[in-house]
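Novice: Input: one structure, supplied below.
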Amino acid sequence: MINVTLIPAFSDNYIYLLEAENGEVAVVDPGEAPPIIEVLESKNIKPDMVLITHHHWDHIDGLGELLKWNTCPVAGPASETARIKLLDILLDEQSEFSFGGERVQILETPGHTKGHICFYFPESALLFCADTLFSMGCGRLFEGTPEQMWHSLQKISALPDDTQIYCGHEYTLANAQFCLEIEPDNEALQKRIEEVQSLRTAGKPTIPVSLASEKQTNLFLRAETPEKFTKLRGLKDRA
Ligand code: ZN
Ligand code: FE
């Protein structure tokens, strides 16, 4: 099993620290280095690998400083070598990749960016999906089409219900409010928004969340057709 630590960064980003049972350590999406180095120093550990989901600055800008502090291989989307300069291990859906003695499955999830990938750990039931899926939301379509994003979300939806979702931002409360406006009678959503409100009031993260919960509450994930998804994304963009 893999132990996950959330490292808040900027105003609402989450960087993740992964510690495997065999002692291996990885960092997911180092948007800024100082908060990561602080946590690593407090635990007296160093990263063996960095995992990158997509090229946006808030997910990669700390990479150079982190590697200067402790160099290690960087794994990320094979299609983004032009925009992510420090990649050593190039990944796509065909890649045989492992971390901490566990197989890691790569999902190509275009939509937010063209080359966005997610890291799925089937044995530990963890998904690092950055800006593809948020709790009760999904990423904005900066580079892809709504159709592409819908397909990407369908890939995530096909994973086991007990998968723990670790996304790239704490957008949960605003997303929940949007979903509740559209589906005011959704009981699972009403319950989840209560839980989210009390977590946020206590200053706690709303992440991780189970895929089972998202399947009941995330309207973007629940959209049955690309057309329904497109309409919903348009409403959210104008909200
Ligand atoms: Zn992004
Ligand atoms: Fe982001």
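The values are calculated or read from the model by the stated rules, or taken from the named source; none is laboratory data. These numbers were taken from a predicted model, which means no experiment stands behind them. Glycine gets a Cβ as well: all are built from the backbone with ideal geometry, and neighbour counts include every protein chain shown.
Novice: Just one of the numbered conditions (1) part of a strand (DSSP E or B); (2) within 16 Å of ligand 2 (Cβ to nearest atom) is not true of Leu90; which one?
Specialist: Only one criterion in (1) part of a strand (DSSP E or B); (2) within 16 Å of ligand 2 (Cβ to nearest atom) is unmet by Leu90, namely (2).
Novice: Continuing with the same structure: With the condition being farther than 22 Å from Thr81 by Cα and within 16 Å of ligand 1 (Cβ to nearest atom), I'd like the helices (runs of 4 or more DSSP H) fully within the stretch 95-204 carrying at least 1 qualifying residues.
Specialist: Helices (runs of 4 or more DSSP H) meeting the threshold: 146-157, 172-182.
Novice: Against the conditions (1) closer than 15 Å to Phe220 by Cα; (2) among the hydrophobic types (A, V, I, L, M, F, W, C); (3) out of contact with any Ser or Thr (no Cβ under 9 Å at 6 or more places or on another chain), where does Ile156 fall short? Just the number, please.
Specialist: (3)
Novice: If you go through the stretch 160-205, how many residues are more than 16 Å from ligand 2 (Cβ to nearest atom), touching a residue at least 24 places away in the same chain (Cβ under 8 Å) and within 15 Å of Asn13 (Cα to Cα)?
Specialist: 2
Novice: Taking the stretch 207-239 on its own, how many of its residues are outside any helix (DSSP H, G or I), loosely packed, with under 13 Cβ neighbours inside 10 Å and at pLDDT 95 or above?
Specialist: Residues in the stretch 207-239 being outside any helix (DSSP H, G or I), loosely packed, with under 13 Cβ neighbours inside 10 Å and at pLDDT 95 or above: 2 in total.
Novice: Now a separate question. Mind checking which residues of the stretch 15-64 are out of contact with any Asp or Glu (no Cβ under 8 Å at 6 or more places or on another chain), within 16 Å of ligand 1 (Cβ to nearest atom) and β-branched (Val, Ile, Thr)?
Specialist: Across the stretch 15-64, the qualifying residue is only Val28.
Novice: Could you tell me whether Lys204 is loosely packed, with under 15 Cβ neighbours inside 10 Å, more than 23 Å from His151 (Cβ to Cβ) and more than 17 Å from the chain's Cα centre (by Cα)?
Specialist: yes
Novice: Continuing with this model, one more query. Please go through the stretch 21-54 and give me each residue that is surrounded by 13 or more Cβ atoms within 10 Å (Cβ to Cβ), in a loop (DSSP other than H, G, I, E, B) and away from ligand 2 (no atom under 16 Å from the Cβ), ordered by number.
Specialist: Across the stretch 21-54, the qualifying residues are Glu24, Ala33, Ile45, Lys46, Pro47, Asp48.
Novice: Applying the selection to the stretch 138-159, what residues are surrounded by fewer than 24 Cβ atoms within 10 Å (Cβ to Cβ) and within 16 Å of ligand 2 (Cβ to nearest atom)?
Specialist: Within the stretch 138-159, Arg140, Leu141, Phe142, Glu143, Gly144 qualify.
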